[in-house]
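Contents: one structure, followed by commentary.
Please treat every number below as a calculation from the coordinates, not as lab data. All figures in this text were calculated on a predicted structure; none of them were measured in a lab. Cβ placement follows ideal geometry from the backbone for every residue including glycine, while neighbour counts extend to all protein chains displayed.
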Amino acid sequence: MQFPATKLVAPALPPAMVRRPRLRDLLGRSALPPLTLISAPAGWGKTWLLSDWIDSGPTPGQVAWVGLEPADRDRRRFWAGVAAALRLARPDLPVLPRPHRTAPDAFIIALINALDERPEPVVLALDDLHDAASPELAADLAVFAEHAPASLRLVISTRVDPPLRLERLRLAGRLGEVRAADLALTTDEARALCEEAGLKLDDGVLEQLLERTGGWPTGVRLAAVSLQDGQDPAEFIDSFAGDDRSVSDYLIGEVLSRQPQETLDFLLSTCQVDRINGELADVLTGGSAGRAMLAELAARHGLVTALDTRGDWYSYPPLLREVVRLESARQIPEALPQLHRRAARWFADRGEPLEAIRHAVAGEAWDLVADLVGQHWLPLVARGKGSSLRDYVERIPRHVVGADAELALAAAGLLFEAGDEALADDLMASAYELASSLPGARRLRFGATATATSLYRARLRGDVDEALKAARVTLEEPWAEVVGLEVRALTLTSLGIAEFVADDVEAAGEHLRQGAGLAGQCGNEYVLLLAEACGANVALREGRVESAESRAMMAVELAERRGWTATTAAGQAYLTLAAIRVWTGDMARAEKLVDLASSAAAGSPDRLLQAWIAMMRGRLLMLGGRPLDALNALGTIRSLFDHPPVHVAVPTLLWEADAWLALGEPERSRAALDVPAADGVPDAALGRARLELAEGDPDAALRELDAFRRADRSPFMPFAACQALALEALARDAQRDEAAALVALERCLDVAEPRGQGGVLLSYGASMRSLLRRAIGRGTSHRALAEELLATLDRESSSEGGEIRPLLEPLSERELTVLRFLPTMLSNAEIASEMFVSPNTVKTHLKHVYRKLDVADRRQAVRRGRELHLLSPGLRAS
């Protein structure tokens with residue numbers, strides 16, 4: 001029998017082929033047992049791997065190659081091809097009898113004996129065995145493989161595992177295997193393949209392509225070819241799917257069209273679900289052999305992938321799944337709604353509401369959708385699944401949503417989370433109008449969920465009064481338990497957040513602890529994240545820095561582990577850590593944390609988070625010597641609220657006052673503090689004390705500090721006591737009472753060091769630097785902290801090109817006049833003559849100028865004056 005020469009020779013490797021040494025090594029190790037199986041679906045590179053292995057050598061013997069095709073299902077043709085390939089590889093083999101079509105057993109025995117007589121090793125490579133598969137040939141191969149001599153290595157490439165008692169061979173150690181998982185491209189291999197096609201993709205785009213294709217080499221190659229026309233890689237790969245013509249043509253032609261009708265029917269009926277097990281397969285197909293069929297599709301065909309070691313759950317490769325779904329829409333469109341409804345009920349019965357809702361929506365089972373969404377939407381939000389659920393709810397026709405109270409309520413709540421408040425308000429109003437028509441059980445559930453939704457809406461808006469009222473009603477009503485522990489945990493946590501906003505810190509801490517406890521009890525890490533993030537803020541407000549830091553770190557670690565960094569809670573935790581870094585003086589790290597918070601808040605409708613970010617950004621700009629930018633940042637808060645919550649309003653007005661003062665606008669600074677929000681707030685007295693001190697009236701500053709200490713209310717800012725002592729120290733120093741100033745500074749350090757509030761002193765610039773230097777010189781029990789703060793102030797003062805920190809205590813008019821004479825050649829006596837004062841008065845003014853500028857001599861005073869733009873540009877030292 002004659003054969004084309006190409007049938008008996010391994011195909012030549014294409015010049016542009018990407019070599020894969022790791023696979024050659026794997027095949028070399030796998031070819032040591034008597035039988036090696038390379039089994040994977042179409043397009044995984046089985047033939048090229050075999051050819052590359054043979055081409056690279058050495059192999060465990062001379063290679064006899066047989067490229068199989070459908071015509072080789074004829075048993076005589078098949079064995080004739082094997083004999084011809086073996087004679088090419090081993091010309092010394094004896095002449096064999098011709099195989100007989102109906103009784104090849106004699107030929108197989110003769111072939112085995114002939115190979116046994118010649119002990120030199122030989123490799124028989126059977127490529128594309130699936131094309132020649134038939135029950136009779138499978139029986140022949142089983143006999144041949146079972147009795148093959150030790151000199152023979154049989155290597156088979158196939159899309160479908162042959163029935164060769166593989167498990168027995170596997171257990172006996174006589175089987176080597178290379179599967180689709182081994183053939184999947186690595187990142188480096190995919191990069192090389194794309195570069196071979198003239199494409200250089202970013203790592204992120206490349207990873208997305210590998211995820212999209214499951215590492216399928218042909219899929220990556222098809223994408224690379226498609227991208228050669230200049231499309232944007234990220235956009236193309238994001239949309240690269242089974243409806244791409246090249247992908248669908250390949251998979252339909254090479255995979256689906258080759259399947260038996262029974263297998264194809266199974267694929268078309270089960271492809272609608274993203275993961276499947278035997279029981280679900282039986283529900284979808286109406287059969288009883290789902291588990292066995294899935295196992296066969298995984299083991300023999302490679303068309304599904306096992307998701308666990310027990311073989312319970314499987315999934316289709318992404319591109320294949322999309323192609324089969326397209327085929328199902330073409331071949332069995334009338335059956336698809338019913339398939340989705342069956343899947344929805346199955347997932348609902350097994351406690352997987354999100355999957356159940358997805359399929360119920362796809363199957364247009366609106367009564368089931370309404371019941372599932374009404375029952376599960378708020379618990380799903382509590383688990384961090386709100387955005388996924390919103391995608392499904394948005395697919396429900398508007399007239400369906402508007403006709404059911406629970407659907408309308410759920411849609412409203414999800415829209416609140418997305419920031420579409422106007423439409424959400426309309427839907428919520430519709431929900432209340434329709435609620436009376438609900439049957440008893442659903443009406444009861446609606447009551448609990450509606451109240452919790454009102455709380456959720458109010459918390460997002462920062463509407464504290466409504467939030468507190470809604471939360472307390474929800475918790476006090478007996479039907480609050482209807483929606484379960486998770487919603488109760490969310491309600492308690494949201495109540496704690498609302499109480500924190502309302503400045504009821506003690507109640508907030510208690511409810512947040514309860515919410516965290518319930519979240520832990522029911523295993524809800526999303527609510528735990530909310531509780532810990534706000535709990536950290538509560539601890540910070542109470543001055544418990546270590547607790548605040550540990551809880552914020554716990555929240556950040558949880559958010560990063562679960563992929564929840566783009567949430568309000570993560571943003572709040574980052575901001576808490578940023579505030580702590582400001583207190584400790586680590587401004588660089590604080591800025592990075594605020595940037596992380598901003599990333600978390602991108603697109604968030606939460607006004608409070610936006611306000612917190614603006615506050616912290618403004619504070620950092622102020623501390624960095626950029627008061628005008630700080631005012632702009634703080635000014636954005638007014639666009640968020642008509643009446644900001646007290647915990648937003650108080651720091652904002654204090655920091656705005658500081659900014660105006662730094663800009664040389666004391667009257668505007670005083671006006672910022674003279675607003676209703678500051679009434680009765682002790683911290684406002686600190687702002688006025690700083691203003692009086694800056695205007696050169698330390699006596700008035702001390703009177704404000706005394707008013708601060710006598711206030712009936714506790715201060716709002718947790719570092720207020722430290723700040724008050726720092727201001728007292730500066731005021732006493734301005735009164736020329738150095739001893740009292742150093743006593744006040746020591747008391748300030750007593751408060752600051754154990755609470756991690758040393759960074760508070762950095763905002764007082766040169767005046768504080770002078771005091772710290774004197775405190776170190778005269779002895780302090782906080783030397784390490786004082787030296788660290790002094791070093792930071794020195795670095796800020798000497799840094800070139802950086803922002804210049806404004807003076808806390810401005811020069812008086814006479815002191816400024818003296819300073820402006822210093823760049824000239826005039827002596828102290830000549831300056832005194834020009835000013836019509838005595839030389840001693842000039843010396844006194846100079847002493848004050850040097851102290852306020854924190855310099856030691858005339859030359860340093862001139863340089864510092866120029867840095868602060870206090871000197872006329874026309875004056876120059878000679």
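When log10 I(q)/I(0) by the Debye sum over Cα atoms at q = 0.04, 0.06 Å⁻¹ is calculated for this entry, the matching label among (1) -0.33, -0.64; (2) -0.25, -0.54; (3) -0.55, -0.83 is (1).
Work through the residues other than ALA172 whose Cβ is under 12 Å from its Cβ and net out their charges, Lys, Arg +1 and Asp, Glu -1. If you can, show how the numbers build up before the last one.
Working: positive: ARG165, ARG168, ARG170, ARG174; negative: GLU146, GLU167.
Computed value for this residue: +2.
Just how far, in whole angstrom, is the stretch 302-350 from the stretch 534-613 if you go by their alpha carbon centroids? Measuring centre to centre over Cα atoms gives 42 Å.
Of the peptides 712-720, 205-213, 646-654, the order by per-residue mean of other Cβ atoms within 10 Å, starting with the highest, comes out as 646-654, 205-213, 712-720. When the Cα positions of ALA180, ALA85, PRO135 are compared along the charge dipole of the stretch 5-183, ALA180 comes out farthest toward the positive end, with charges on each C-beta of Lys, Arg, Asp and Glu.
Rounded to the nearest 20 debye, what is the charge dipole size of the chain about its Cα centre when +1 sits on each Lys and Arg Cβ and -1 on each Asp and Glu Cβ? Don't skip to the answer; put the middle values down first.
On the way: 100 positive and 124 negative charges, 372 e Å.
With Lys and Arg at +1 and Asp and Glu at -1, about 1780 debye.
Computed over the alpha-carbon pairs of the stretch 5-183, the distance histogram in 5 Å steps reads 1, 8, 18, 23, 23, 16, 8, 3, 1, 0 percent, short to long. Converting phi to 3J(HN,Hα) with the Karplus coefficients 6.51, -1.76 and 1.60 and the offset θ = phi - 60°, the stretch 493-500 yields 5, 5, 4, x, 5, 5, 5, 4 Hz in sequence order, with x at every glycine or proline. Computed from Cα atoms, the angle from the helix 318-331 axis to the main principal axis of the chain rounds to 60 degrees. Backbone geometry of the stretch 131-146 corresponds, through the Karplus equation with coefficients 6.51, -1.76 and 1.60 at θ = phi - 60°, to 3J(HN,Hα) couplings of 5, 9, 5, 7, x, 5, 5, 4, 5, 4, 5, 4, 5, 4, 5, 5 Hz, x marking Gly and Pro.
Seen against the Cα atoms of the chain and their longest principal axis, helix 75-89 is set at about 70 degrees.
I need to check one value: relative contact order of the chain, counting alpha carbon pairs closer than 8 Å and at least 6 residues apart, in percent. Numbers along the way, then the final one.
On the way: 1337 pairs, mean separation 49.4, N = 878.
Here the relative contact order equals 6 percent.
In the chain, the longest principal axis of the Cα atoms and the axis of helix 738-755 are about 20 degrees apart. Residues whose amide H falls under 5 Å from that of GLN62, counting only those 5 or more places apart or on a different chain, are VAL123, with hydrogens built in the peptide plane. In terms of the mean number of neighbouring beta-carbon atoms within 10 Å, the peptides 665-671, 788-794 order highest first as 788-794, 665-671. Between amide H atoms placed 1.01 Å from N, distances below 5 Å from THR36 occur with LEU154, VAL155, ILE156, GLY176, all of them 5 or more places distant or on a separate chain.
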